[in-house]
Amino acid sequence: MSRFERGLSIGHTTLNSHENDNATPVVTLNYVGPDHRLPLPYPEGDWYLRGTAVPAARPGEIVITNTLIPGLLDYYRKVGLVTEGTDIMEVEPGRDYGFPHTDPLETLGGQVELQNGVSPLSLVSTFSSNLVDEQERILGLQSLARPDSALTNDKARFREAASNYGVRMLPGTVLSDWGQFAEVEDEYAGAAHGVWLKAPTGSGGDLVHHIPTVTRKNLLAGQRSIRDIVATSFEAGEFDVSATEYWSPDKVAPQGSQLVIESDARNFGKIKTNGSTQFVTTRSGRTDIIGHFEQITTEEGEYLGNRPYRPVFEEQQEIVDQVKRVGNMSRDEGYYGIQGVDWFVVETPSGDEVVYITERNTRPTANTPPVIIGEKVGAKEWINTNAYTDRPIDTIEDYIEVVGEDLAFGDPQIDGLVVPQAFRTLVSRQETRPSPDFKILILGNNAAHCDTIAEKLRGRGIRFSPDAE
């Protein structure tokens with residue numbers, strides 16, 4: 001196992017990992033897509049992440065995204081994030097945030113056939129499935145023959161397979177039968193910090209439920225809560241099946257899957273670091289580390305952002321060993337490309353430090369665009385975070401006024417640079433739905449410098465969590 005060399009690219013790195021060097025990558029981050037098995041209960045908070053591929057685009061890539069706010073593409077060119085040789089295809093969204101309205105592949109289907117006249121075009125997307133394969137076929141794109149994302153991102157399947165690869169996970173179990181709830185109560189009734197109940201898939205902490213006191217009643221309430229939240233994704237999107245067909249009210253878990261019970265890491269000691277590692281697995285058998293990151297989350301487990309993390313040697317060796325084991329699992333399943341694992345470093349009462357893996361994400365992660373953007377502008381450190389303001393953003397000029405021209409066009413080595421990764425503002429010819437919230441990347445010379453820039457943004461009325469700080 002080795003470090004990934006500079007030059008990370010969502011498109012090129014993925015094709016290279018498949019040993020496909022002849023195609024042109026067509027990149028789209030399809031968090032909102034046609035597969036009901038990857039439900040997004042709050043698509044208004046996820047659809048816009050497709051835009052993060054734009055500032056992360058490399059020459060030779062074609063990026064498909066929804067319409068950008070006026071002036072954003074010119075801004076990216078001015079600060080050096082979008083350069084010559086990079087093609088950005090903006091597709092007007094529909095009337096709402098869920099599928100199919102904010103899925104540009106679905107919008108383009110039957111209207112155009114994509115080609116550049118030079119090389120085959122190969123789709124590089126967040127998620128893959130037979131439905132995405134059909135979108136590829138209709139658009140004339142080449143398939144990478146990736147495994148089904150609803151399976152490789154299934155938390156229950158990952159937990160069941162982990163022991164075969166020596167992956168150390170937090171203690172827990174999978175649930176598929178109502179009788180298991182009493183068994184979980186017996187096993188975890190004395191857990192001081194309870195357990196987490198998780199749906200089989202989901203991103204950003206949307207489909208997890210913390211149960212501080214483990215009783216059968218609380219477990220059942222948590223199960224109902226997650227099922228109700230999943231149902232909202234079917235209200236927001238238009239899928240081939242209904243919510244009750246996917247998850248019948250008389251079933252513990254969605255069709256063909258199981259729920260996950262995971263012991264709270266605090267039951268085993270003090271959490272030293274809540275982190276993740278991003279890496280690449282290749283068809284040739286390599287597993288290369290891109291970097292380690294410290295997670296920024298709410299108490300409820302909602303993901304807000306991250307920043308680079310540099311573990312001490314012994315800790316790093318343990319993390320790398322676990323990542324290698326996860327990489328072997330992914331490779332055996334036929335997944336090649338960028339992916340990530342989430343982990344905790346826990347300091348036990350005896351003083352030992354133990355690394356626990358919690359989840360695997362077989363896709364470019366929220367860490368991927370920041371790494372690429374940081375490389376482009378030569379920043380040594382960054383903070384990737386959501387930004388919440390009181391001013392709706394219609395154009396890039398609104399953003400510049402909110403963060404300040406000094407930071408919007410600053411030097412990361414001197415004053416600092418704050419670039420927008422994506423805006424929640426929905427832009428179409430019929431209407432613009434401005435939002436005051438967006439995702440930013442704070443870029444600086446070192447960690448302390450980035451913290452200073454963040455404080456300056458707070459002084460300008462920007463919050464980094466949805467609740468008032």
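Read the figures in this text as sums done on the coordinates, not as results from a lab. These figures come from a predicted structure and were not determined experimentally. Cβ atoms come from the backbone with ideal geometry, glycine included; neighbour counts cover every protein chain shown.
Would you mind pulling out the separation of the Cα centroids of segment 306-356 and segment 372-412, in Å?
30 Å
Of the trypsin sites (Lys or Arg not before Pro) in segment 341-447, which ones lie in a loop per DSSP and count no more than 11 other C-beta atoms within 10 Å? Provide the component values of the computation, followed by the final result.
Numbers: sites: Arg360, Lys376, Lys380, Arg424, Arg429, Lys439; in loops: Lys380, Arg424, Arg429.
Passing both the DSSP loop test and the Cβ count: Arg429.
Run through segment 161-250 and list the chymotrypsin sites (Phe, Trp or Tyr not before Pro) located in a DSSP loop whose Cβ has at most 16 other Cβ atoms within 10 Å. Mind showing how you got there, number by number?
Numbers: sites: Tyr165, Trp178, Phe181, Tyr188, Trp196, Phe234, Phe239, Tyr246, Trp247; in loops: Trp178, Phe239, Trp247.
For chymotrypsin sites (Phe, Trp or Tyr not before Pro) across segment 161-250 that sit outside H, G, I, E and B with at most 16 neighbouring Cβ atoms in 10 Å, the list reads Trp178.
Quick check on segment 131-249: take the gyration tensor over C-alpha atoms, sort the square-rooted eigenvalues as a ≥ b ≥ c, and tell me if it's rounded (a/c under 1.5), prolate or oblate.
On the way: a/c = 2.82, a/b = 1.60, b/c = 1.76.
Oblate, since a/c reaches 1.5 and b/c is not below a/b.
Determine the distance separating the Cα centre of segment 22-91 from the Cα centre of segment 414-469; give it in Å without decimals.
Computed from Cα coordinates, the inter-centre distance equals 18 Å.
Over all directions, the average projected area of the alpha-carbon convex hull for segment 378-459 comes to how many nm²?
Working: hull surface 20.7 nm².
It is 5.2 nm².
Which one of Gln115, Asn386, Leu144 has its Cα pushed farthest toward the positive end of the charge dipole of the chain, where Lys and Arg give +1 and Asp and Glu give -1 at the Cβ?
Sorting the options by dipole projection puts first Leu144.
Anything over 19 Å Cα to Cα? Flag those among Lys270/Lys324; Lys198/Lys251; Lys198/Lys270; Lys155/Lys198, in the order listed.
On the way: Lys270/Lys324 25 Å; Lys198/Lys251 15 Å; Lys198/Lys270 22 Å; Lys155/Lys198 8 Å.
In this structure, Lys270/Lys324; Lys198/Lys270 lie more than 19 Å apart at Cα.
What share of all Cα pairs of the chain, in percent, falls into each consecutive 10 Å distance bin?
4, 20, 31, 28, 14, 2, 0
Taking the Cα centre of the chain as origin and charging only Cβ (+1 Lys, Arg; -1 Asp, Glu), how large is the dipole, in debye to the nearest 20?
Details: 43 positive and 69 negative charges, 137 e Å.
I would put it at about 660 debye.
With equal scatterers on the alpha carbons only and no solvent term, can you work out the Debye log10 of I(q)/I(0) for segment 92-189 at 0.24 1/Å?
Each listed q corresponds, in turn, to -1.26.
What are the aspartates and glutamates whose alpha-carbon lies under 17 Å from the alpha-carbon of Lys272, with same-chain residues fewer than 8 places away excluded?
Asp264, Glu294, Glu299, Glu314, Glu315, Glu318, Asp342, Glu347, Asp352, Glu353
For n ≥ 4 DSSP H runs only, could you compute -39500 (n - 2.57) per run for the chain, divide by its residues and tell me the 222 nm figure to the nearest 500?
Values: 14 runs with 131 residues, N = 469.
Theoretical 222 nm ellipticity from helices: -8000 deg cm²/dmol.
Scaled to the compact-protein estimate 2.2 N^0.38 Å, what is the alpha-carbon radius of gyration of segment 1-149, rounded to two decimal places?
1.02
Under a plain spin-label model, where a point goes 7 Å from the Cα along Cα-to-Cβ, how far apart in nm are Arg168 and Gln317?
Between Arg168 and Gln317, the simple spin-label model gives 1.3 nm.
PRE reach from Ser465 (point 7 Å along Cα→Cβ): which of segment 173-205 fall under 13 Å by backbone N?
none
Dividing the Cα convex hull volume of segment 269-361 by residue count, how many Å³ per residue is that? Working shown, then result.
Numbers: hull volume 8.9 nm³, N = 93.
Expressed per residue, the convex hull around the Cα atoms of segment 269-361 is 96 Å³.
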